Amino acid sequence: MEETALLSFEEIKMLYPNEWVLIAEPEFVNTEIQGGIVLLHGKDRREIAYSGRDLVKNYESYTLRFTGDFPKNRRIWL
Amino acid sequence: MALKIPFKRANEGSLIVVEGKLDGGKLLLAFDTGATHTILDLTAVLLAGYSFKQIKRTAQFVAASGIVEAQIFVIENFSAMGIERRNFEVSVYDFMSHKFVLDIDGVIGLDFFDDEKVCIDFEKQELTVHL
């Protein structure tokens, strides 16, 4: 388990590039995450979900975000 | 009461994305008038503490990739766009294992809306929800 102080999302991206990061007390401006407290990080999103289930109970809110870039200009048809 | 929700479409590949909340989990959700039902990624639902034992049933969906099967869960507290739903049935699909990789945790479909009036202003990039 890892828990750090409040970090900006830019700092989180630098520390954990191209990883899924479970962030407690995340702050969003509109839909853009600004930062929060890193609880877990890793390449396996599902593993973080299972490992993080108990951790998130200690916080009011949390989110799971990816620090890498998604393909740009991809056309989406859901 | 009218709630104004700004959205930003950075380019033509951008969806209209809004914040949602699944119990304590903050989600990014695509606002999709082309979806009949609300669909969440399995990971987000597992992280919120739900388990496979809580699957109510399965349902088939017509998706861009063909017919897919999703699991139906009853979510205790689900909210987005100023609208709160309790014991709300959502469809759950494993996005990642089907190579559906986007920076969203799901899709808000038409079933989320009841008697609300929702307006999309593309010029102002703003959703207005009349609650």
For this session: Starting from the Cα of A:Glu47, step 7 Å along the direction of its Cβ; do the same at B:Asp114; then give the gap between the two resulting points in nm.
Result: 4.2
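Please give the contour-minus-distance gain from A:Asp54 to A:Phe28: 0.36 nm per residue of separation, less the Cα-Cα distance, rounded to one decimal in nm.
Working: separation 26, 0.36 × 26 = 9.36 nm, distance 2.29 nm.
Difference between extended and current length: 7.1 nm.
Starting from the alpha-carbon convex hull of the stretch A:1-67, give the projected area averaged over all orientations, in nm².
Working: hull surface 16.2 nm².
Taking the Cα atoms of the stretch A:1-67, their convex hull projects to 4.0 nm² on average.
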Problem set entry | For B:Gly109, residues with placed amide H under 5 Å, excluding near neighbours | B:Thr38, B:Ile39
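Give the longest segment of chain B that steers clear of GluC sites (Glu not before Pro) in DSSP loops with at most 11 neighbouring Cβ atoms within 10 Å, not counting the sites themselves. The partial results should precede the final answer.
Details: sites that count: B:Glu12, B:Glu123.
The longest uninterrupted stretch comes out as B:13-122.
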For this session: Within chain B, what's the longest run with no trypsin sites (Lys or Arg not before Pro) in a DSSP loop and at most 12 other beta-carbon atoms within 10 Å? Give the range, please.
Result: B:10-55
For this session: For the protein assembly as shown, compute Rh as the Kirkwood radius over C-alpha pairs and then the Stokes-Einstein diffusion coefficient at 10 °C and 1.306 mPa s; write the answer in µm²/s, rounded to an integer.
Result: 90
For this session: Report relative contact order for chain B in percent, whole number only (criteria: Cα-Cα under 8 Å, sequence separation at least 6).
Result: 35
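Which of the trypsin sites (Lys or Arg not before Pro) across the stretch A:17-69 are loop residues per DSSP, with 10 or fewer other Cβ within 10 Å?
Filter output for the stretch A:17-69: A:Lys43.
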Problem set entry | Compactness index (Cα Rg / 2.2 N^0.38 Å), chain B | 1.04
Exercise. Given the protein assembly as shown, what count of lysine pairs have C-alpha atoms under 21 Å apart, with each pair 8 or more places apart or on different chains?
Worked result: 21
Problem set entry | the stretch B:62-131: equivalent-ellipsoid semi-axes (sqrt of 5 x gyration tensor eigenvalues, Cα, Å) | 25, 18, 11
Problem set entry | Neighbour cut-off at most 14 other Cβ (10 Å), DSSP loop, GluC sites (Glu not before Pro), the stretch A:1-61 | A:Glu2, A:Glu3, A:Glu60
Exercise. How large is the helix-only mean residue ellipticity at 222 nm for the protein assembly as shown, computed as the sum of -39500 (n - 2.57) over DSSP H runs with n ≥ 4, divided by its residue count, in deg cm²/dmol to the nearest 500?
Worked result: -2500 deg cm²/dmol
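Laboratory data are not the source of any read-out in this text; all were calculated from the coordinates shown. Computed from a predicted model, the values in this text were never measured in an experiment. Here Cβ is always computed from backbone atoms with ideal geometry, including for glycine, and neighbour counts include all displayed protein chains.
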